[in-house]
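Have a look at the structure below before the remarks.
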Number of protein chains: 2
Amino acid sequence: MKRLIAILAVLAVAVSDPAWSSADPLPGWRDSPVRQRILAFVTTVTTPGSPGYVTPAERIAVFDDDGTLWPEKPRAQGMFALERLRSIASDHPEWQNRLPFKAALELGSKYLEEASDEAVFQLVAAAYAGRTQEAFRQAVREFFATARHPRFERPYTHLVYVPMRELINYLKASGFRVFISTTGSIDLVRVLAEELYAVPADDVIGSSVVSTLREEDGRLVLRRLGSVHALNDGPRKPLAIDLQVGRRPILAVGNVKSGGDIDMLRYSQQPDVPNLQVLIRHDDFEREYAYDEPDGASVKAANANGWLLVSMRYDWLQLFSAE
Amino acid sequence: MKRLIAILAVLAVAVSDPAWSSADPLPGWRDSPVRQRILAFVTTVTTPGSPGYVTPAERIAVFDDDGTLWPEKPRAQGMFALERLRSIASDHPEWQNRLPFKAALELGSKYLEEASDEAVFQLVAAAYAGRTQEAFRQAVREFFATARHPRFERPYTHLVYVPMRELINYLKASGFRVFISTTGSIDLVRVLAEELYAVPADDVIGSSVVSTLREEDGRLVLRRLGSVHALNDGPRKPLAIDLQVGRRPILAVGNVKSGGDIDMLRYSQQPDVPNLQVLIRHDDFEREYAYDEPDGASVKAANANGWLLVSMRYDWLQLFSAE
């Protein structure tokens, strides 16, 4: 019996191995040097006996979320928070004179297109206040079941970049473990990650609010408070990856906006082990948005460190799914 | 091709499903009500269509480490730290008059049999100081490759409780994700968990020291400092599980010593979802140790909450592997 299991397991792995399949794993990517370098990297680390071979346990990939896996204008998280904050704003007259609440309530999605990650997470934190994990998750599910992006007029969940989803699937099929490291709320992204990318809850790293463990009706209950525990941005990203994953990634993917992914990408660079860094540029005004960093820090870091720069406009044949 | 993969996958799962196999998944357990309740619980949550069915994504199990998976007298972590501290003690004259350093250096393993989890982790933290992750891991590997338990005179890594290893394997084969939640060092247990239980690094939760991200020779390097960042004990355990796993466990396993697992076990109790709590009692003076809590808090909690009490002496036919 054991032998039969072993044979079936080997067959299943062999048949699902992309090397056995002639199907293109990245049809949404133009056949450019960018695409070729990604394919070459994955081939190198997955080819037993190759000098660059990496064991499956060490094939750790981390992806930023907003702006890397889907649009960040406006941050969907912020829109979720805004709906909640509007419904309880009358109980919080102090928000009328306090940023970021005042700006968010007055300007809505326009503000959320430009707000800093920190400001957006402050709004999300306030929207958590007093909720249990379960209640918060339920609220997230309800919002994303109906909310639509103001410009694209589609559910946010239909705006995952097709080439990124392909890349995640390709990496998984190649024995990678894929983690999402978001500056947004870890609880919120966990709800979406399973559905959108089949990334399990524990493979999401993100910003968190303070939680308290309380005895309620004879049970232990975790309640979220409205204050920020940790913002997962900049130098926090490598530290949080170290704490939650426990291994250094060999592949890191982020995007140009605030320089917030630079440390994560740099952290994945290591001597003696093949590694790849991918930086997405938002240069597609027609299909998405075109914006850059005022100081150009991410692109400068990419050039200095040999990272792969991806042009949405040129390198991606398809941006969003047909529906 | 896709259909062939699907068929093979179904076959592989079906054949590896314990329900299809006549092999006993828990041969090291006496056929007692304890064993029967564990088997019944796993059968309930894994039987599609049963009212207690739980999807694989929600089959989260958490295990305490020291005293639950292997002996905690003395804490192997403490022995690791002690070796390091002894080698650098001459640079730290202040330890001569400071607890827990003074006691550990003078009394050695005797002290580590009785020391609090907090004191042991303070020693481990001091042993980290200034090291990179990689250097720390290498030191852990080297220590456990040769160190032997003072009483059993075997490598610590040969002292995993056989019934616990069986339980972990049984749960994994039944679609559970198994996490280890240790009061010991997350970094240290990560090195051992892959080797001893095939539990990947990111499925280990534990105590951590403060880390700093530094630029060294043009690279980003994480260095551990000698100070405690978080002690994963008592009420910290549910909070850390929430942060790192993102789901409430349905099975929690701990042991009697300091009451440190009570909150974790209580946290896994939830309405509407089947759940099981297992508390190990060290009552086997001949094969291991016999000790209890001064205040009996864990056993009281077990009785009040209907947890499964496991007697090492009675319920476990085999304690350690033959060698």
Item to check | Label-point separation, B:ASP217 to A:ASP31 (7 Å along Cα→Cβ), nm | outcome: 4.2 nm
Checklist entry - Along region B:92-97, what does the Karplus equation 6.51 cos²θ - 1.76 cosθ + 1.60 (θ = phi - 60°) give for ³J(HN,Hα), rounded to whole Hz, x for Gly and Pro? => result 10, x, 5, 5, 4, 10
Next on the checklist: What does the copy distance list look like for B:ALA135, label position 7 Å along Cα→Cβ, in nm and ordered from shortest?
Outcome noted: 4.9
Next on the checklist: Explain nothing, just the number: relative contact order of region B:195-323, from Cα pairs under 8 Å at least 6 residues apart, as a whole percent.
Outcome noted: 17 percent
Checklist entry - Applying the Karplus parametrisation 6.51 cos²θ - 1.76 cosθ + 1.60 with θ = phi - 60° to the phi angles of region B:151-167, what ³J(HN,Hα) value in whole Hz is obtained for each residue in order, glycine and proline being reported as x? => result 8, 7, 6, 9, x, 3, 5, 9, 10, 5, 5, 4, x, 6, 5, 4, 5
Checklist entry - Sequence-distant or interchain residues sharing an amide H contact under 5 Å with B:TRP70, placed H: which? => result B:TYR161
Checklist entry - Ballpark to the nearest 100 Å², how much total accessible area do A and B bury together, probe 1.4 Å? => result 3900 Å²
Checklist entry - Roughly how many debye, to the nearest 20, is the charge dipole of the protein assembly as shown about its Cα centre, given +1 on each Lys and Arg Cβ, -1 on each Asp and Glu Cβ, and no other charges? => result 640 debye
Checklist outcome for this item: With the label point 7 Å along the Cα-to-beta-carbon line of A:HIS158 and a cut-off under 15 Å to each amide N, the hits in region A:102-146 are A:144-146
Next on the checklist: Using only the alpha-carbon atoms, how far is helix A:76-88 inclined from the longest principal axis of chain A? Give it as 0 to 90 degrees, nearest 10.
Outcome noted: 20 degrees
Checklist outcome for this item: Note to self: with every protein chain in place and a 1.4 Å probe, region B:140-240 gives an accessible area per residue in Å² of 35 Å²
Checklist entry - Of all accessible surface on the protein assembly as shown at a 1.4 Å probe, what whole percent is carbon and sulfur? => result 55 percent
Checklist entry - Which distance in Å, rounded to a whole number, links the C-alpha centroids of region A:223-284 and region B:264-304? => result 39 Å
Item to check | Low-density loop cleavage sites - chymotrypsin sites (Phe, Trp or Tyr not before Pro) in region B:274-308, where at most 13 other Cβ are within 10 Å (DSSP) | outcome: B:PHE285
Checklist entry - Lys pairs in chain B, Cα-Cα under 21 Å, at least 8 apart or on separate chains: how many? => result 8
Next on the checklist: Please report, for A:TYR53, the nm distances (one decimal) from its label point, 7 Å out from Cα along the beta-carbon direction, to the equivalent points in the remaining copies, shortest first.
Outcome noted: 4.1
Checklist outcome for this item: Out of B:THR43, B:THR146, B:THR182, a Gaussian network model of chain B with alpha-carbon springs under 10 Å gives the largest mean-square fluctuation to B:THR146
Item to check | Bins of 10 Å from zero: percent of alpha-carbon pairs in region B:157-200 | outcome: 25, 59, 16
Checklist entry - Given label points at 7 Å from Cα along Cα→Cβ, what nm distances, shortest first, separate A:GLU83 from the same residue in every other copy? => result 5.6
Checklist entry - Roughly how crowded by other chains is peptide A:142-152, in terms of the mean Cβ count from those chains within 10 Å of each of its Cβ atoms? => result 0
Next on the checklist: Give me the inter-chain shielding for A:233-243: mean count of other chain Cβ atoms within 10 Å, whole number please.
Outcome noted: 4
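The values are calculated or read from the model by the stated rules, or taken from the named source; none is laboratory data. Predicted model, so just to flag it, every value in this text is computed and none were measured. In this analysis, Cβ positions are derived from the backbone assuming ideal geometry, glycine residues included, and neighbour counts consider all displayed protein chains. To get the accessible areas, we keep the full protein, side chains included, count just its heavy atoms, and leave off ligands, DNA and RNA. Shrake-Rupley method; radii C 1.70, N 1.55, O 1.52, S 1.80 Å.
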